[in-house]
Amino acid sequence: MLQVFGKVKELRLGLQRFQSVIRERIMRPDDANIVGNVHGGTILKMIEEAGGIISTRHCNKQPGDRCVAALARVERTDFLHPMLIGEVAHVSAELTYTSRHSVEVQVNVMSENILTGSKKLTNKATLWYVPFSLENVDKVTDVPQIEYASPEQEEEGKKRYEAQKMERLESKERNGEAIIPVISPDRQTKEEYTVGFSQSSLIHLVGPSDCTLHGFVHGGVTMKLMDEVAGIVAARHCKTNIVTASVDAINFHRKIKKGCVVTVSGRMTFTSNKSMEIEVFVDADPLVETTKGKYRAVSAFFTYISLDKDGKPLPVTSLKLETQEEKKRFEEGKVRYLQTKAKRQAEQERQQ
Amino acid sequence: MLQVFGKVKELRLGLQRFQSVIRERIMRPDDANIVGNVHGGTILKMIEEAGGIISTRHCNKQPGDRCVAALARVERTDFLHPMLIGEVAHVSAELTYTSRHSVEVQVNVMSENILTGSKKLTNKATLWYVPFSLENVDKVTDVPQIEYASPEQEEEGKKRYEAQKMERLESKERNGEAIIPVISPDRQTKEEYTVGFSQSSLIHLVGPSDCTLHGFVHGGVTMKLMDEVAGIVAARHCKTNIVTASVDAINFHRKIKKGCVVTVSGRMTFTSNKSMEIEVFVDADPLVETTKGKYRAVSAFFTYISLDKDGKPLPVTSLKLETQEEKKRFEEGKVRYLQTKAKRQAEQERQQ
Amino acid sequence: MLQVFGKVKELRLGLQRFQSVIRERIMRPDDANIVGNVHGGTILKMIEEAGGIISTRHCNKQPGDRCVAALARVERTDFLHPMLIGEVAHVSAELTYTSRHSVEVQVNVMSENILTGSKKLTNKATLWYVPFSLENVDKVTDVPQIEYASPEQEEEGKKRYEAQKMERLESKERNGEAIIPVISPDRQTKEEYTVGFSQSSLIHLVGPSDCTLHGFVHGGVTMKLMDEVAGIVAARHCKTNIVTASVDAINFHRKIKKGCVVTVSGRMTFTSNKSMEIEVFVDADPLVETTKGKYRAVSAFFTYISLDKDGKPLPVTSLKLETQEEKKRFEEGKVRYLQTKAKRQAEQERQQ
């Protein structure tokens, strides 16, 4: 596990440094819920900050346009252990693959209890960045190629690249169908445990601190807002201490400009015995520019679990389905759940 | 105007210090909108922080239960000048009246451009605080009485006290009728300039930084969220640089506990030639405690104006009224607007 | 200069790792003034966060009471280069000496422009921490001793330890005389360039995010507030883009507990041709607990310079002295200024 620290890796490989980025930060009350568990969104934001730094630095390594790397996609990521207030979060990032126009970054997060010395791996995330020229914000610049430890490593990286490229295209088509969710109905009239009862949305006026040098929202800020809404949906359903268990692959299709009003809405789609799947949408409203209307910027599935006082998973009350649409989404969620479960079992067997 | 700074008052009167609180803070990008105007809500939050400190300090001056002063009411306040990023905000607060169980605090805010030296009075606000025991959060403690410069001063304070006491009672009755606003309808289907088009709501999970030592939300935090929503409603309607012009008296009827999910909703009620009135509701959802359901914590009317590039007021497009309810609210808003206009004219004549 | 990165240092020494702490963060608009220069106080806060993590982690390395390291003293630190929005700040910390009850931490800050690749050393700071037991907040725990690369290294560390120990004692005596600064007089009546004209103060209600696990304010938070006030004083005097040039040794004599109201006041003491010295006091008011009155927690001297559009130092208008006290403080400031100048010249000669 100590291998995740890039410095040790450099010693062993003795190759061109992949310029690991490492940051350590102590978790404060504002990073966590009232039970003391750090928000999944806080961790996603730290992950993206590290990824953004390492990608932007790398992409500016050669002569040519100055550029800023924008987050294009985050692969599915699991939250392996809760992180607590007072612990130190170690975020280490390194470049693992480069295509002509994109960069793959692997980010690992470890939580360290500096009082007891105990350390735990909390997240492993894979992010894809695309560099855009500072001069011309729509121009994608060329990425300096990295060297690989072996031809196999490059080959596997290429496979991952092709796979995510395909998924992004599929997701983009689905995103194009302007599916606007039902804005939160009047909760007072809804029964407990229905989709409408826990449905939530928040709005956020994008400010300067949320944006990159380009003036577009950081992917990490968006993910943090999405997790915030997903958390409220889960909390309304369970009324317990809920935490992020995983986030499915997120594709950032369209940029969100400074000054937009962003509406982040979430609704529960599926519940298993001990987990909840929540679908989150991010819609951006340019406000001032009336040529462009409101548009769907991002969407993703968050999985939450419910914990008791001792941090043990509690059973989750089944989602009460009322409409045909809700039943359809439940079935689709069940498929995703079973697929993930199968993948996990396959990986465990592979490791034995 | 020089006298509103209590420090000078202390020197001249030579009386018991009313323990003026003064704070100065430079305005940052996050305090303002993208045009550089500081948010009305940021100023309201600073005003309340100063009021809270001076009241809590005063109420702990005598032996007995330690207590924390909670904001009960803010009188109508006008935003006289915009404040800009880079300016220094001076907030000075002083106690002006004490009853057995409440404290009246006068807070003035001045913006100073430290490069040019120019100063402007931006706000004058009157706040009422009630001290609650730290031991027993429902017990109101006795307030140490202040001394007055003259019997007339005490008499006028008493009148203000009686007036606000009555208004609070009336407002409490109206608040008690569970008036649930229609949650923002699907904006996609709404015509521009209708009530539904600009209607907005946000949710916020109350965290430790939002709360007092008691674990209840600071009045200033609530006001800042309310102004945020009102601002989005105004921006959606006008699509220009909009700023807070005034806020009607706000009564904080029910405390909001840490861990609640707060839903802040706003809708436009009335438009005049150059102003917009927005009604804002704050509903608190205890989430975990299921004995108490969701409840109305605060409501208030915010007035916004629309400014051009040079900061001059622009005409406001009339609100398109669609339902009987909306027409009724428009008439009520018109009455409030004319009443305020009359009061202002009366005061101007009095000063001549 | 890559040597300041502990990972490389570890390779060369091959000794027991001092577990360097490294953090990298991109500087955002809120970290800087409106001209884009990162606040000295922002950097001081990052420095202290890194020092706190490495000390606390080290002090918990052995069986015994769990403890949290509290900042006791920061040696004089210079700000060698301005840091700008968009740059990445690298903060690396390592342990350099341990006495029975204290830890010396060396922190280096480097700013990196990820677009151009240029790197600059911005700060070198030395901090002293003392570990307090979590069980008994007044009990100082024993510090695990570190190993030194050579006897000379240990000897030099011991000299530094003895020197700071003596200075802390002297400073503590001076701090004891309850000298309360005159709260900002009515600036309206003051002439430009006088002490009273630029004098400033701010108050801050200490919240949970400001505090350590013990519930006491982080030294870094205090330093950030101090730099904020010093900056306002300097800005009022010069009316230009002013930046922190250096901070004299700061001793943290008395802890500040969560819930206190902290008053930070600053006044200009001395001006040279191109610099300003500002004295900053931090007074803590327990607010709720009246057995303890208001007390002086920290004091320090900040030196600021004035920069033109191109970042070149501008001449500073002389301070207009009005009272005997002000003249006395000016002379004392002049002595400090000349002493520092002499030390710097001596070091430059030594390096040649």
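Simple rule: put +1 on each Lys or Arg Cβ and -1 on each Asp or Glu Cβ in the stretch C:283-352, find the dipole, and look at C:Pro313, C:Leu287, C:Gln339; the Cα lying farthest toward the positive end is C:Gln339. Residue farthest toward the positive end of the dipole of the stretch A:60-212, with Cβ of Lys/Arg at +1 and Asp/Glu at -1: which of A:Asn60, A:Met83, A:Ala72? So the residue furthest toward the plus end is A:Met83.
Filter the GluC sites (Glu not before Pro) in the stretch C:315-352 down to the DSSP loop ones having no more than 14 other Cβ atoms within 10 Å, then list what survives.
C:Glu322
In summary, the aspartates and glutamates within cross-link reach of B:Lys119, defined as a Cα separation below 16 angstrom excluding same-chain residues under 8 places away, comprise B:Glu24, B:Glu87, C:Asp186, C:Glu191, C:Glu192.
How big is the Rg/Rh ratio for chain A, C-alpha atoms only, Rh by Kirkwood, two decimals?
0.96
With 23 Å as the limit, the listed pairs A:Lys45/B:Lys255; A:Lys45/A:Lys309; C:Lys158/C:Lys255; A:Lys61/C:Lys120 have A:Lys45/B:Lys255; A:Lys45/A:Lys309; C:Lys158/C:Lys255 beyond it between alpha carbons.
In what sequence do C:Leu95, A:Leu338 fall when counting other Cβ within 10 Å, fewest first?
With the fewest neighbours first, C:Leu95, A:Leu338 line up as A:Leu338, C:Leu95.
Loop-located GluC sites (Glu not before Pro) in the stretch C:259-309 (DSSP state other than H, G, I, E, B) with a sparse environment of at most 16 neighbouring Cβ atoms within 10 Å: C:Glu289. With 29 Å as the limit, the listed pairs B:Lys165/B:Lys294; A:Lys139/B:Lys312; C:Lys124/C:Lys334 have A:Lys139/B:Lys312 beyond it between alpha carbons. Taking packing as the residue-averaged number of other Cβ atoms within 10 angstrom, the listed peptides B:85-93, A:38-46 run from highest to lowest as A:38-46, B:85-93.
This model, with +1 at the C-beta of Lys and Arg and -1 at the C-beta of Asp and Glu, gives chain B a dipole about its Cα centre of some 180 debye.
Any read-out appearing in this document is the output of simple, stated calculations on the displayed coordinates, not a laboratory observation. All figures in this text were calculated on a predicted structure; none of them were measured in a lab. For neighbour counting, all protein chains shown are included, and Cβ atoms are generated from backbone atoms with ideal geometry for every residue, glycine included.
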